[in-house]
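To keep things clear, I will list the structure first and then write my remarks on it.
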Amino acid sequence: MLTIGVDVGGTGIKSALIKVGDVKCADTYEILDFSSMPTQASEGSEVVVRNIIKSIERYDWQKCDLIAVASAGTIDWDSGTVTFATATIPGYAGTELSRILTEYFGRRVVVINDAVGALIGESFLGAGKKAESVMMFTIGTGLGGSFLAEKTLDANSVIDTKSGHMTLHEGGRKCTCGKAGCAEQYVSATALKKYGNDNLYQLFRSSDAAEKKVKVEFFKDLARVICESAGQYRPDLVVIGGGVIELSEYWWQNFLKEYKRKCDVPIASASLGNKAGVLGSVYAMANGAFKNQ
Ligand SMILES: [Zn+2]
């Protein structure tokens, strides 16, 4: 069957036309077409919703059996409504995304959190295929964290760990959520750009002393966030994804040295790249994860 998966991040909206054979079989998920457009997050909720619609209309959606969206923000599993969102997308909290899209397209459209979508993608179709419980961190505009307790798909087995907003440095940098010292103010592409170098490729390849220090702090902070969260949830495997992992060849080995000093939980970088969210949301919907949306 033909499906459309959408992944709404703080910077870009990715969408894909995905062919699915046997819904439970990882090998039958084939991306036929993939595209990306700017989210225009700062323009607010209405513009973002309009862009989500555009990202679906790129494809012949009338011919598709399923449309599934993974979105930034805290998403209620039963209603597909955004129940919490930071100031990155003004006015996004309270948006009844599933209802709006279902009405617009005249067919069922389900919505889950983007970090959860990526987690499901990596757990069932990617790096975590062989692990029973997987914890994932998505390092992008913000820091997403999620945990799949066992290989079942329902609201109870998937946990949004909200790791991005755990307090990492008491009284530290101000966060978009209103608190101070949150992890995502240190462990995110946004933080690396702000305090290191606007160009992350240059930052990770740089031997400049100040930029080196930013990287060392980033490795330490990331290792700490993972250790604390893994201590709480005890996963079989930790998977790291998000935009920053696309540059992993320049930093992953150095990070592992720091990580292994602190934590012994097996760790892997995401294997689906920036396609984990679109694949995960479609996989979840195809496998009947949403009874009420
Ligand atoms: Zn915060």
field: When residues of the range 120-136 are limited to those that are within 15 Å of the chain's Cα centre (by Cα) and under 12 Å from TYR233 (Cβ atoms), the one surrounded by the most Cβ atoms within 10 Å (Cβ to Cβ)
entry: MET136
message: Checking THR74 against (1) within 16 Å of the ligand (Cβ to nearest atom); (2) buried (at least 24 other Cβ atoms within 10 Å of the Cβ), only one condition comes out false. Which one?
response: (2)
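Just wondering, is there one or more residues in the range 62-75 that are farther than 22 Å from LYS291 by Cα and either outside the structural domain of SER248 (by TED's automatic domain parsing) or at pLDDT 95 or above (or both)?
Yes, the conditions are met somewhere in the range 62-75.
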- prompt: Within the range 133-151, can you find the residues that are among the hydroxyl-bearing types (Ser, Thr, Tyr) and either closer than 26 Å to ILE89 by Cβ or modelled with pLDDT under 85 (or both)?
  reply: THR138, THR141, SER146
query: Just for the range 78-89: of the residues that are crowded, with 22+ Cβ neighbours inside 10 Å and not polar (S, T, N, Q), which one is farthest from GLY288 (Cα to Cα)?
result: ILE89
- request: Considering each residue of the range 69-115, count those that are part of a helix (DSSP H, G or I) and either among the hydrophobic types (A, V, I, L, M, F, W, C) or in contact with a Lys or Arg (Cβ under 8 Å, 6 or more places away or on another chain) (or both), and give that number.
  value: 6
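Is it the case, given these coordinates, that ALA131 is in a loop (DSSP other than H, G, I, E, B) and touching a strand residue (DSSP E or B) at 6+ places or on another chain (Cβ under 7 Å)? Steps first, please.
Details: in a loop (DSSP other than H, G, I, E, B): yes; touching a strand residue (DSSP E or B) at 6+ places or on another chain (Cβ under 7 Å): yes.
Yes: the conditions hold for ALA131.
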- request: Pairs only if they're at least six apart or on different chains, beta carbon under 9 angstrom, first in the range 165-183 and within 12 Å of THR86 (Cα to Cα), second within 9 Å of the ligand (Cβ to nearest atom) and of a type in the set (Ser, Thr, Tyr); list them, first residue then second.
  value: HIS165/THR86; CYS175/THR86; THR176/THR86; CYS177/THR86; GLY178/THR86; LYS179/THR167
field: Output for the range 267-290, where each listed residue is without any contact (Cβ under 8 Å) to a residue 60 or more places away in the chain and farther than 21 Å from GLY9 by Cβ
entry: ILE267
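Which is closer than 22 Å to ALA284 by Cα and without any contact (Cβ under 8 Å) to a residue 40 or more places away in the chain, of PHE84, PHE105?
Values: PHE105 fails: without any contact (Cβ under 8 Å) to a residue 40 or more places away in the chain.
Answer to the selection: PHE84.
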- request: Scan the range 146-161 and report the pairs whose first residue is in the same structural domain as MET135 (by TED's automatic domain parsing) and whose second residue is in a strand (DSSP E or B) and modelled with pLDDT under 85, with Cβ atoms within less than 7 Å and a gap of 6+ or a chain change.
  value: SER146/ASP160
query: buried (at least 21 other Cβ atoms within 10 Å of the Cβ), within 16 Å of the ligand (Cβ to nearest atom), in contact (Cβ under 8 Å) with a residue 12 or more places away in the chain and not in a helix (DSSP H, G or I) - does that describe any residue in the range 49-67?
result: no
task: Could you tell me which residue of the range 1-11 is nearest to GLU184 (Cα to Cα), considering only residues that are modelled with pLDDT of 95 or more and surrounded by 20 or more Cβ atoms within 10 Å (Cβ to Cβ)?
output: VAL8
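The values are calculated or read from the model by the stated rules, or taken from the named source; none is laboratory data. Being a predicted model, the structure only gives us computed values, none of them experimental. Cβ atoms come from the backbone with ideal geometry, glycine included; neighbour counts cover every protein chain shown.
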